[in-house]
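Since every read-out is calculated from the coordinates, none of them should be taken as a lab result. As the structure is a prediction and not an experimental result, all values here were calculated from the model. Note that we place each Cβ from the backbone using ideal geometry, even for glycine, and neighbour counts take in every protein chain shown.
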Amino acid sequence: MIQIVRKASVAVPIVLQKKGQEATAALIARYEEGERNFKSKTDFDSTIYAHDDVKSSLLDVQGHKCCFCESKISHTSYGDVEHYRPKSAWVQHEEALNKPGYFWLSYDWNNLLLSCELCNQRYKKNYLK
Ligand SMILES: [Zn+2]
């Protein structure tokens, strides 16, 4: 994993500041009403956290490299926006999924990284170590 320094010159994408904050407030409201089983595919809006502006900014701060294997993203895939702290559920070893995940960080700029599809979908998954 490469060290990633969030440059002050790269602003937090507007989509995260506006739609991301609204979506986070909606998730928190659902949690407060008792929701504990957020679904990765349906309860989180990839048009916000994986918006082209977010990917573009992440490419900039990561030097166009996957955060894990350091491959040039454009050489291997379009890139997945990866949640360092998993949004719907997490594991540290081989235990059952722990729920909920870090849903309140789903649209948080500091929780988002760009990885190649192979690293994110085959290796990282819901691991948080
Ligand atoms: Zn990778």
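General remarks:
- Using θ = phi - 60° and Karplus 6.51 cos²θ - 1.76 cosθ + 1.60, couplings along the stretch 118-127 (whole Hz; Gly, Pro as x): 4, 4, 6, 8, 9, 10, 6, 6, 9, 6
- Projected over all directions and averaged, the alpha-carbon convex hull of the chain occupies 7.7 nm².
- Helix 52-61 axis, angle to the chain major axis (alpha carbon atoms, nearest 10°): 60 degrees
- Largest mean-square fluctuation among 81, 12, 54, in a Gaussian network model of the chain whose springs join Cα atoms under 10 Å apart, belongs to 12.
- 3J(HN,Hα) couplings calculated from phi for the stretch 34-41 with the Karplus curve 6.51 cos²θ - 1.76 cosθ + 1.60 (θ = phi - 60°) are, in sequence order, x, 5, 10, 10, 5, 9, 4, 7 Hz; Gly and Pro show x.
- Sparsely packed GluC sites (Glu not before Pro) within the stretch 42-129, loop by DSSP, other Cβ within 10 Å at most 15: 70, 94, 95
- Computed from the C-beta positions of residue 33 and residue 99 and an R0 of 22 Å, the FRET efficiency is 0.90 to the nearest 0.05.
- Eligible lysines near residue 7 by straight Cα distance, threshold 26 Å, same-chain separation 8 or greater: 18, 19, 55, 65, 72, 87, 124, 129
- Think of each Lys and Arg Cβ as +1 and each Asp and Glu Cβ as -1; about the Cα centre, that makes the dipole of the stretch 14-124 roughly 120 debye.
- The slack between residue 18 and residue 110, meaning 0.36 nm per residue of separation minus the straight C-alpha distance, is 31.6 nm.
- In Hz, Karplus ³J(HN,Hα) per residue of the stretch 7-22 (6.51, -1.76, 1.60; θ = phi - 60°; x = Gly, Pro): 6, 4, 6, 9, 6, 4, x, 4, 4, 6, 5, 9, 5, x, 5, 5
- Structural descriptor for the chain: relative contact order 31 percent, calculated from alpha carbon pairs under 8 angstrom and at least 6 residues apart.
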